[in-house]
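Read-outs: derived from the displayed coordinates by stated rules, not from any lab. Remember, predicted model here, so these are calculated numbers, not experimental data. Cβ placement follows ideal geometry from the backbone for every residue including glycine, while neighbour counts extend to all protein chains displayed.
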Amino acid sequence: MKNILVTGASGYVASLILPTIKQNYNLTILDNSSKNKTGESLPGIKVCDLSETDNSQYIDYFSGVDTVIHLAYKRSSPGGVWDTQISQIDKFPVELENIVMANNVYRAAYDNGVKRVVVASSNHAADWYEHSLIHNGIKDIVGPGDYPVSDNFYGWAKASYELLSWPYASGKFGRKLEFIHVRIGAPRDVDVKKDLADPIGTEPAGGGLANFKRNLGAFISKRDITQLFLKAIETKDIIDEHGIPYQIVYGCSDNTRRFWSLESAKKILDYNPQDDSEIIYSTEIRKHITDSKSETNPGRVGK
């Protein structure tokens, strides 16, 4: 049985995938808190601060580990990516801490002989394409091969995780450490009431129905995200065309309104998503989109 280490174990994504992972593997879980967001204590969690470059408090946890799943992340603003309590331009310092933390995890994995690191990247690593092209009907789909450009520091940090891992994966430091970066979409339930309550649009997709349609495209169900991470653990061969054990995959369900490519996830990891937001939210779609379709509500996503 493989030994798996999960960072950020008290976070939301961890809450989706850990119930299945702990049934299949020997598990070590780390976080800087012993409680999740609802205040519940997590049995067996090891409390440490992975952003500290002095790794004496956590280095031993990486010993004997086969795969690290790196989910840990420090929020740069209380309300998330589009929260306006802190201006976008002022979110750089915390995101820089997140990049340092990623390297600390990579280095600890490398020094302890870990074979693979699966990283929670984000769709925001390539946000510029979505915000400037997808929602304006200029581009149909974004793939992992598109150069990672983001118009916010959160996405920039996630893209930096990906680029930062390349020297480790290429063998420049000695051995090749395997990496799979999962650009997670929208793993929470689509909240049409919340989307429609924002008619002006504080998020780049726009307001109201634009947000709703965007979130339908980005949605990933609990069973699909769990399957994707399990595939990232188990897939034996992730070598790219240059001989580097390095892959970037998008993480969303097989949604009718999907605007990210699942090609690498399906081809390399044999990802077989089971859900489609068009079916799960068919009642809401019929009520708020299909029945109200007009010249002011065109298109699959965005406007």
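One residue alone among S76, S33, S10 is part of a loop (DSSP other than H, G, I, E, B), buried (at least 18 other Cβ atoms within 10 Å of the Cβ) and without any contact (Cβ under 8 Å) to a residue 40 or more places away in the chain, and that residue is S10. A single member of L216, L163 is closer than 21 Å to Y250 by Cβ, in contact (Cβ under 8 Å) with a residue 24 or more places away in the chain, part of a helix (DSSP H, G or I) and not basic (K, R), and it is L216.
Do we have I86 as of a type in the set (V, I, T) and under 23 Å from I233 (Cα atoms) here? Before the answer, list the steps.
Values: of a type in the set (V, I, T): yes; under 23 Å from I233 (Cα atoms): no.
Judged against the criteria, I86 is not a match.
Within the span defined as the stretch 215-224, one or more residues are touching a helix residue (DSSP H, G or I) at 6+ places or on another chain (Cβ under 6 Å) and within 22 Å of I21 (Cβ to Cβ).
Restricting to the stretch 13-30, give me the number of residues that are in contact with a strand residue (DSSP E or B) (Cβ under 9 Å, 6 or more places away or on another chain) and surrounded by 15 or more Cβ atoms within 10 Å (Cβ to Cβ). It would help to see each step written out before you state the result.
Kept after step one, since they are in contact with a strand residue (DSSP E or B) (Cβ under 9 Å, 6 or more places away or on another chain), are these residues of the stretch 13-30: 13-14, 17-18, 21-22, 24-30.
Narrowing further to those that are surrounded by 15 or more Cβ atoms within 10 Å (Cβ to Cβ): 13-14, 17-18, 21, 25, 27-30.
So the count comes out to 10.
Number of residues in the stretch 141-197 that are over 16 Å from the mean Cα position of the chain (by Cα) and of a type in the set (D, E, K, R): the value is 10.
Picking from residues in the stretch 109-125 that are touching a strand residue (DSSP E or B) at 6+ places or on another chain (Cβ under 7 Å) and among the charged types (D, E, K, R), the one that is surrounded by the fewest Cβ atoms within 10 Å (Cβ to Cβ) is K115.
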